[in-house]
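Written below as structure tokens is the structure these notes are about.
The values are calculated or read from the model by the stated rules, or taken from the named source; none is laboratory data. This is a predicted model, so every value here is computed, not measured. For neighbour counting, all protein chains shown are included, and Cβ atoms are generated from backbone atoms with ideal geometry for every residue, glycine included.
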Amino acid sequence: MGKLIVISAPSGAGKTSIVHFLLQQMDILSFSVSACSRAKRDNETDGADYHFLGITGFKSKISEDAFLEWEEVYENQFYGTLKSEVGRIWQKEKTVIFDVDVVGGLNIKKQYQKECLSIFIMPPSLAVLEERLQKRGSESKESLQKRVAKAKEEIAKRMEFDQVILNDDFEVACMETMEVIQKFIE
């Protein structure tokens, strides 16, 4: 059985950017492409950024028991990890790296306790997190408020993770995360 690395954080904390850095630096890692029910954004590619299933397709995969974990993050907004992703990556003798929300990350950790390293990326503050989300320009005022409220709940769960890394300085956070992962894999 291979190993798994879970990177979780509130939306806007920088987890996706850190995962991209790790994938460029560490050949042993292979990205687990999450599935979602939302529509594809202009800069995204189906099968690379997400498996875009739509609401009906996602619910159908739930009934097939095809998910390692899944969650209805907001009403009719589903995200999850297909079991087939772990198998696909382990067949290549690589370590699976996940970019998942906090609940999803903890669910994966529960299922693979010994094989999994879970890392929580901590934003410097809620104010900084809110600023980062606003800069994205993809959030309505209502959506932004929902994300910030959810971030408070997610930050409260950070101690359930194996490691907490502060993303105050992006380069430092990347190097610290890489170091922790290298120790775990070795």
**Q.** Scope region 132-179; condition more than 27 Å from residue 110 (Cα to Cα) and in contact with an Asp or Glu (Cβ under 8 Å, 6 or more places away or on another chain); matching residues
**A.** 133, 144
Q: Collect the residues in region 150-170 that are surrounded by 14 or more Cβ atoms within 10 Å (Cβ to Cβ), over 14 Å from residue 6 (Cα atoms) and of a type outside the set (A, V, I, L, M), keeping them in residue-number order.
A: 150, 154, 157, 167
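Give 18, 28 a once-over and let me know the one that is modelled with pLDDT of 95 or more and closer than 20 Å to residue 106 by Cβ.
Details: 28 fails: closer than 20 Å to residue 106 by Cβ.
Exactly one residue qualifies, and that residue is 18.
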Q | Unique residue being surrounded by fewer than 15 Cβ atoms within 10 Å (Cβ to Cβ), modelled with pLDDT under 90 and not in a helix (DSSP H, G or I) when the list is 143, 138 | A | 138
